[in-house]
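What follows is a single structure, written as structure tokens, with notes after it.
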Amino acid sequence: MRSRSVVRSLFAKPVTESPPRPPSASTEKRFPGSLQLRHVDAGSCNGCELEITSAFAPTYDAAQFGVRLVASPRHADGLLVTGVVTRNMSGPLRKTLEAVPNPRVVVACGDCAINGGIYSQGYGVESTLADVVQPDVVIPGCPPHPSAIVESLRGITER
């Protein structure tokens with residue numbers, strides 16, 4: 001009889017651990033501590049990608065605030081989308097979005113992702129990001145400065 005209670009105590013959670021809080025409306029899209037993002041180029045000129053690279057380089061170092069870029073949408077907390085949504089990237093963008101587990105955050109980086117920018121009337125353009133999914137965070141600029149990218153991502157991680 002005593003051995004059963006010993007085995008149960010080995011697998012019980014410690015008393016000091018508090019039960020998880022249900023997400024409230026204000027913290028549902030917050031990822032305190034760390035944020036894993038999958039970058040999707042939906043049809044950009046690569047100006048935003050250069051600035052994103054700078055944002056994660058040692059000068060601005062977004063990683064010190066808990067933000068990382070990951071290779072798989074299944075390992076991501078959200079998407080970092082650049083460029084207008086072209087006809088060829090509409091399907092892959094939707095599939096990538098479906099692969100990211102909930103709760104997720106969608107970040108629109110650059111004017112093209114927000115409103116189409118200078119490519120809004122292009123023949124290969126299908127829509128803006130807002131027509132596919134409403135972004136939670138927008139980073140304006142053509143291209144946005146690396147410090148603006150880092151500050152916007154810090155708002156999500158609360159660091």
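The values are calculated or read from the model by the stated rules, or taken from the named source; none is laboratory data. Note that this is a predicted model, so its numbers are computed, not measured. In this analysis, Cβ positions are derived from the backbone assuming ideal geometry, glycine residues included, and neighbour counts consider all displayed protein chains.
Criterion first (touching a Gly at 6+ places or on another chain (Cβ under 9 Å), among the charged types (D, E, K, R) and more than 19 Å from residue 36 (Cα to Cα)) does residue 104 satisfy it? Against the criterion (touching a Gly at 6+ places or on another chain (Cβ under 9 Å), among the charged types (D, E, K, R) and more than 19 Å from residue 36 (Cα to Cα)), residue 104 does not qualify. The residues listed here are 100, 105; of these, the one that is in contact with a Leu (Cβ under 7 Å, 6 or more places away or on another chain), at pLDDT 90 or above and under 15 Å from residue 137 (Cβ atoms) is 100.
Out of all the residues in the range 133-148, is one or more over 16 Å from residue 38 (Cβ atoms), among the β-branched types (Val, Ile, Thr), out of contact with any Asp or Glu (no Cβ under 7 Å at 6 or more places or on another chain) and surrounded by fewer than 21 Cβ atoms within 10 Å (Cβ to Cβ)? Yes; the residues of the range 133-148 include at least one that is over 16 Å from residue 38 (Cβ atoms), among the β-branched types (Val, Ile, Thr), out of contact with any Asp or Glu (no Cβ under 7 Å at 6 or more places or on another chain) and surrounded by fewer than 21 Cβ atoms within 10 Å (Cβ to Cβ). Considering the range 116-132, the residues that are in contact with a helix residue (DSSP H, G or I) (Cβ under 9 Å, 6 or more places away or on another chain) and either modelled with pLDDT of 90 or more or among the small types (Gly, Ala, Ser) (or both) include one that is nearest to residue 76 (Cα to Cα), namely 130.
Filtering the range 72-88 for residues that are free of Cβ contacts under 8 Å to residues at least 12 places away in the same chain and hydroxyl-bearing (Ser, Thr, Tyr) leaves an empty set.
Considering (1) within 11 Å of the chain's Cα centre (by Cα); (2) modelled with pLDDT of 90 or more; (3) farther than 15 Å from residue 96 by Cα, the lone condition that residue 35 does not fulfil carries the number (2).
The requirement of being among the charged types (D, E, K, R) and modelled with pLDDT of 90 or more is fulfilled nowhere in the range 15-31; no residue meets it. Note on the range 43-92: residues that are touching a strand residue (DSSP E or B) at 6+ places or on another chain (Cβ under 8 Å), assigned to a loop (DSSP other than H, G, I, E, B) and surrounded by 13 or more Cβ atoms within 10 Å (Cβ to Cβ) total 8. When the range 93-132 is filtered for residues that are over 21 Å from residue 157 (Cα atoms), assigned to a loop (DSSP other than H, G, I, E, B) and β-branched (Val, Ile, Thr), only 128 remains. Note on the range 94-134: among residues that are over 24 Å from residue 53 (Cα atoms) and in contact (Cβ under 8 Å) with a residue 40 or more places away in the chain, the one that is farthest from the chain's Cα centre (by Cα) is 124.
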